[in-house]
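The values are calculated or read from the model by the stated rules, or taken from the named source; none is laboratory data. Since this is a predicted model, take the numbers as computed values, not measurements. Cβ placement follows ideal geometry from the backbone for every residue including glycine, while neighbour counts extend to all protein chains displayed.
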């Protein structure tokens, strides 16, 4: 199935407003085969027609997003990892069900094709995502093969594929994004069946198992995770969180896109809607490279490059941990412009 909508002057398409389709104005001199080939060629990175097509794959508040995971990455997210790095609109992957097809979109270089896992959530705001190409990420496509993991970044905004047209995204600046309510960890098994394994409980900051005994072998694949546990609390400290305000008071907040943004509270009566919302994270510069500060103690800080490129890798010695994600440890006293930042969202 080819994920593209033919458009013309008299064509009216009824679609979910939260998930506008990728649309291409196909005509006699611009057919499907040509568009697909253009998406796979570095020669067409700056092609105006291809950029117009790519721009139709828009993210709205509430758009369903998917990151394809390995078993090891699932274990990390169950422990408290946040969404970050390469991801896709769920609607652009709707035609892919078999593990062998989805496995090509994993980011950590793993090769298991028996089962593929994924994290699925709804976007809090379009500003949290960008296209992994110029101008947002101009250096990714130029990184040499020995310094990357996973598929190469084409720089066209599309995932490498011999037959599909799949627009890809990264979290803005490869940032960690706070996990919204109703996020899910799912599995794709041979035969194309989709299984919801866990659902995120935001007030408790943990994962509730939904998969029954039939899926015990799928759960048993997850390293360090007991398939018998019904609830898994997140134990890793989050590097980003949502902050809401009600009048002059500040609260930790929870997003339930597209419409609900509330105070995080265990009792329902205290879950008031917030008046403003922002994402709070820690930033710094190290050896000239802008970074997110993911962890730190009194002496060292774990950093992730905001815009990976050859110069940044050479200056920091950052190592690739998954596709597009480059991290390093730095002495805390060497950080410049070290600060807490609030990225506001318009409600």
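Here are the numbers:
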quantity	calculated
Hits in the stretch 207-227 - residues which are touching a helix residue (DSSP H, G or I) at 6+ places or on another chain (Cβ under 9 Å) and either surrounded by 12 or more Cβ atoms within 10 Å (Cβ to Cβ) or modelled with pLDDT under 95 (or both)	207, 209, 211, 221, 222, 225, 227
Check on residue 62, surrounded by fewer than 21 Cβ atoms within 10 Å (Cβ to Cβ), at pLDDT 95 or above and touching a strand residue (DSSP E or B) at 6+ places or on another chain (Cβ under 7 Å)	yes
Residue within the stretch 306-315 that is without any contact (Cβ under 8 Å) to a residue 40 or more places away in the chain and assigned to a strand (DSSP E or B) present	no
Qualifying residue in the stretch 311-322 (condition: on the phi > 0 side of the Ramachandran plot, in contact with a strand residue (DSSP E or B) (Cβ under 9 Å, 6 or more places away or on another chain) and at pLDDT 95 or above)	yes
Any hit, the stretch 128-139, residues being closer than 28 Å to residue 79 by Cα, in contact (Cβ under 8 Å) with a residue 24 or more places away in the chain and in a strand (DSSP E or B)	yes
Search result, residues across the stretch 259-288 that are more than 29 Å from residue 74 (Cα to Cα), touching a helix residue (DSSP H, G or I) at 6+ places or on another chain (Cβ under 8 Å) and not in a loop (DSSP other than H, G, I, E, B)	286
Test: residue in the stretch 109-126 that is under 15 Å from residue 325 (Cβ atoms), crowded, with 19+ Cβ neighbours inside 10 Å and not assigned by TED's automatic domain parsing to the domain that holds residue 326	yes
Criterion: assigned to a strand (DSSP E or B), over 16 Å from the mean Cα position of the chain (by Cα) and under 30 Å from residue 292 (Cα atoms) - qualifying residue of 154, 232, 197	232
Of all residues in the stretch 235-258 being in a loop (DSSP other than H, G, I, E, B), out of contact with any helix residue (DSSP H, G or I) (no Cβ under 6 Å at 6 or more places or on another chain) and in contact (Cβ under 8 Å) with a residue 40 or more places away in the chain, the one that is farthest from residue 340 (Cα to Cα)	258
Selection status of residue 68, part of a helix (DSSP H, G or I), at pLDDT 95 or above and either under 20 Å from residue 132 (Cα atoms) or out of contact with any helix residue (DSSP H, G or I) (no Cβ under 9 Å at 6 or more places or on another chain) (or both)	no
Residue match in the stretch 161-168 (condition: part of a helix (DSSP H, G or I) and on the phi < 0 side of the Ramachandran plot)	no
